[in-house]
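Peer 1: Below you'll find the structure I mean.
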Amino acid sequence: MTPEQRLADAFVALAGSTADSSSDVPGPLSVLADRAPALLGTRAAAVVFTPEGYDAARVVGSNPQVFHLEHEAVGWREGPGHDCHHLGAGPWAQAAFDNSHTRRRWPHYTPQALSLGYSHVVALPLGEHTRTSGASGALILLSCAGRTFSPEALVLGRSLADFTAVILESAREVDRSRTLAAQLEQALASRVVIEQAKGVLATRRKVTPDEAFDLLRKHARSRQRPLREVAREVIEGHADPELTDPAS
């Protein structure tokens, strides 16, 4: 497979990664982390996704060691993913693990990364160009043997990160739309039940529909029960006689 075919295949995989479930966040993240090393010429990659805050970060890695490193970094509150989320680290910011500045900056992360054989790291913002405020995560690339990241690899990595962020944001929009539709459907169903109960109660108590609704609402409130539940009992004929019996 040519590099162009691998790249096209990666974008297709990202686009289809939420096809079965719009809320399947690990799907796009896993595709990005798994495909990034071969596409960008890096040793390993990880994705830290933080839409609800860094403490609730979702982490995936191209191998178990990198996953463990980035997962631990969330608890340490350090590393490129943390900086990208909290400090707005620039997309071209690179760090070498063999200098004193990086050791002071990431006292836990740096020795762990070195022990795994990595020499350089870069974090590319995830979600910076979507409608969310700021970056919602980072694509973290790790290299070894003193190899730095080429400008071409960083540009392509940024495109992959941006595309993944768009996929995730679109999936979240679909979820929000589905939730809203379900809420509206439930509200409509409740309204239908309440209107039917008003009619039944108005006939039995010989009152107006507005008065029937007031009786229904007061009864539900006094017993701390859902209005829809009381209304359904009225329709089904087993409501409290105190509510439905004109003589009570």
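Peer 1: Label Ser159 and Ile235 with points 7 Å out from Cα along Cα→Cβ: what is the distance between them in nm?
Peer 2: Here the answer is 5.6 nm between the modelled labels.
Peer 1: Placing unit charges on C-beta atoms (Lys and Arg positive, Asp and Glu negative, everything else neutral), compute the dipole magnitude of region 162-216 about its Cα centre in debye, rounded to 20.
Peer 2: The dipole of region 162-216 has a size of about 440 debye.
Peer 1: Quote the Stokes-Einstein diffusion coefficient, in whole µm² s⁻¹, for the chain, based on the Kirkwood radius over alpha carbon pairs, a temperature of 37 °C and a viscosity of 0.692 mPa s.
Peer 2: It diffuses with D of about 153 µm²/s by this estimate.
Peer 1: Report, in debye and to the nearest 20, how large the dipole of the chain comes out about its Cα centre when Lys and Arg carry +1 and Asp and Glu carry -1 on their Cβ.
Peer 2: The dipole of the chain has a size of about 400 debye.
Peer 1: Hey, in the GNM for the chain with a 10 angstrom Cα cutoff, which one of Glu236, Glu78, Glu185 fluctuates hardest?
Peer 2: Glu236
Peer 1: Would you work out which of Ser190, Ala231, His85 lies farthest towards the positive end of the dipole of the chain, given +1 charges on the beta-carbon of Lys and Arg and -1 on that of Asp and Glu, about the Cα centre?
Peer 2: The one lying farthest along the dipole's positive direction is Ala231.
Peer 1: Quote to one decimal, in nm, the extra length available between Ser115 and Trp76 on full extension: 0.36 nm per residue of separation minus the C-alpha distance between them.
Peer 2: 12.3 nm
Peer 1: Next question, about the same structure. For region 58-83, list residues with backbone N below 14 Å from a point placed 7 Å from the Cα of Asp98 toward its Cβ?
Peer 2: Of the residues in region 58-83, none has backbone N under 14 Å from the label point off Asp98.
Peer 1: A further question on this structure: May I ask you to list the trypsin sites (Lys or Arg not before Pro) in region 154-248 that are in a DSSP loop and have at most 16 other Cβ atoms within 10 Å of their Cβ?
Peer 2: Working: sites: Arg158, Arg172, Arg176, Arg178, Arg191, Lys198, Arg204, Arg205, Lys206, Arg217, Lys218, Arg221, Arg223, Arg228, Arg232; in loops: Lys206, Arg223.
Qualifying residues, ordered by number: Lys206, Arg223.
Peer 1: Each residue of region 70-80 in turn: what ³J(HN,Hα) in whole Hz from Karplus with 6.51, -1.76, 1.60 and θ = phi - 60°, glycine and Pro shown as x?
Peer 2: Couplings: 6, 5, 5, 4, 4, x, 6, 6, 8, x, x Hz.
Peer 1: Per the helix-only calculation at 222 nm, which mean residue ellipticity applies to the chain, given -39500 (n - 2.57) for every DSSP H run of n ≥ 4 and division by its residues, nearest 500 deg cm²/dmol?
Peer 2: Working: 10 runs with 144 residues, N = 248.
It lands at -19000 deg cm²/dmol.
Peer 1: When the chain is modelled as a GNM with alpha-carbon springs shorter than 10 Å, which of Thr42, Thr164, Thr179 fluctuates the most?
Peer 2: Among Thr42, Thr164, Thr179, the largest GNM mean-square fluctuation belongs to Thr179.
Any read-out appearing in this document is the output of simple, stated calculations on the displayed coordinates, not a laboratory observation. Nothing here was measured: the structure is a model prediction, and the numbers come from that model. Counting neighbours? That spans all protein chains shown, and the Cβs are built from the backbone with ideal geometry, glycine included.
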